[in-house]
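**Q** Take this structure first; my questions come after.
Every read-out reported here was derived from the displayed coordinates using simple, explicitly stated rules and does not represent laboratory data. Just so we're clear, the structure is a prediction, and the values are computed from it rather than from any experiment. Backbone-built Cβ (ideal geometry, glycine too); neighbour counts: all protein chains shown.
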Amino acid sequence: MTKIYLIRHGESEANSKHVFIGHTDLDITEKGHLQAEAAAQYLKDIHADVIYSSHLIRAYNTALHTARVKNMDVIKTEKLREIYAGLWETLTMAELDEKYPEDREVWKYNVGMSRPTGGESFIEVRDRIDIALREIAEANEGKSVFCFTHAAVIRSVSAYYMGYSPEETKNIPWGDNASVTELAYENGKFTVVRYAYDEHLRAKGLNYGN
């Protein structure tokens, strides 16, 4: 069995300002670094053979906290990048509601069927990440792998592995910044062992809204 841990990046500069980004490359905030360090302390006693990260700086700089604790390198890959947000890139949530109300309604209330205007659909993200994770799992058979990545990546593929249809994806929540999702891969199948674990954040008051 291969274990894969999906860790969402710490709070980004966009998260803190309620700005929507996908491929836009913004760093994590001071709080994001604290969240990343909390995740690193949680992960330090979990065995890892390799650490991967999205090439975007918010994921990579989150991964570096765990890499330092583990004394390991981080492998950057574009295959773990966030959803492409199209015309939504760098707009505030209020601007999105004003400029693209119909697409925003789908995102808010039926996210599994959504597509940022001019961007990548949630289903396309799911399919892209499923391929990437299978490649990673096959390349690291029987190992334990950390993958630092993004919210839409984790939610879309986790819902898929839980057996949710795109229409049902709305029934699982967003994972918090620096939350940890654990997957098991065996006989060509992924199983979600734990979704968006965040007690390491709550213990320090670093979860969403604090």
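**Q** If you scan segment 1-52, which residues turn out to be closer than 19 Å to ARG68 by Cα, among the hydroxyl-bearing types (Ser, Thr, Tyr) and crowded, with 22+ Cβ neighbours inside 10 Å?
**A** TYR5, TYR52, listed by residue number.
**Q** From the list TYR84, TYR60, which one is over 24 Å from ILE123 (Cβ atoms) and of a type in the set (Phe, Trp, Tyr)?
**A** Residue meeting the stated conditions: TYR60.
**Q** Here's another thing I want to ask about it. Scan segment 179-204 for residues that are surrounded by 13 or more Cβ atoms within 10 Å (Cβ to Cβ), assigned to a loop (DSSP other than H, G, I, E, B) and either among the small types (Gly, Ala, Ser) or in contact (Cβ under 8 Å) with a residue 40 or more places away in the chain (or both) and report the count.
**A** Total meeting the criteria: 2.
**Q** What single numbered condition from (1) under 30 Å from ILE46 (Cα atoms); (2) of a type in the set (D, E, K, R); (3) without any contact (Cβ under 8 Å) to a residue 60 or more places away in the chain fails to hold for ASP176?
**A** With (1) under 30 Å from ILE46 (Cα atoms); (2) of a type in the set (D, E, K, R); (3) without any contact (Cβ under 8 Å) to a residue 60 or more places away in the chain applied to ASP176, the lone miss is (3).
**Q** Answer yes or no as to whether ALA152 is under 24 Å from ARG115 (Cβ atoms) and surrounded by 21 or more Cβ atoms within 10 Å (Cβ to Cβ).
**A** The answer is yes for ALA152.
**Q** Now for a separate question. Has segment 36-53 got at least one residue that is part of a helix (DSSP H, G or I), of a type in the set (A, V, I, L, M, F, W, C) and under 20 Å from ASP130 (Cα atoms)?
**A** Among the residues of segment 36-53, not one is part of a helix (DSSP H, G or I), of a type in the set (A, V, I, L, M, F, W, C) and under 20 Å from ASP130 (Cα atoms), which makes the answer no.
**Q** Could you run through segment 131-158 and say how many residues are at negative phi and over 13 Å from the mean Cα position of the chain (by Cα)?
**A** Matching residues across segment 131-158 total 13.
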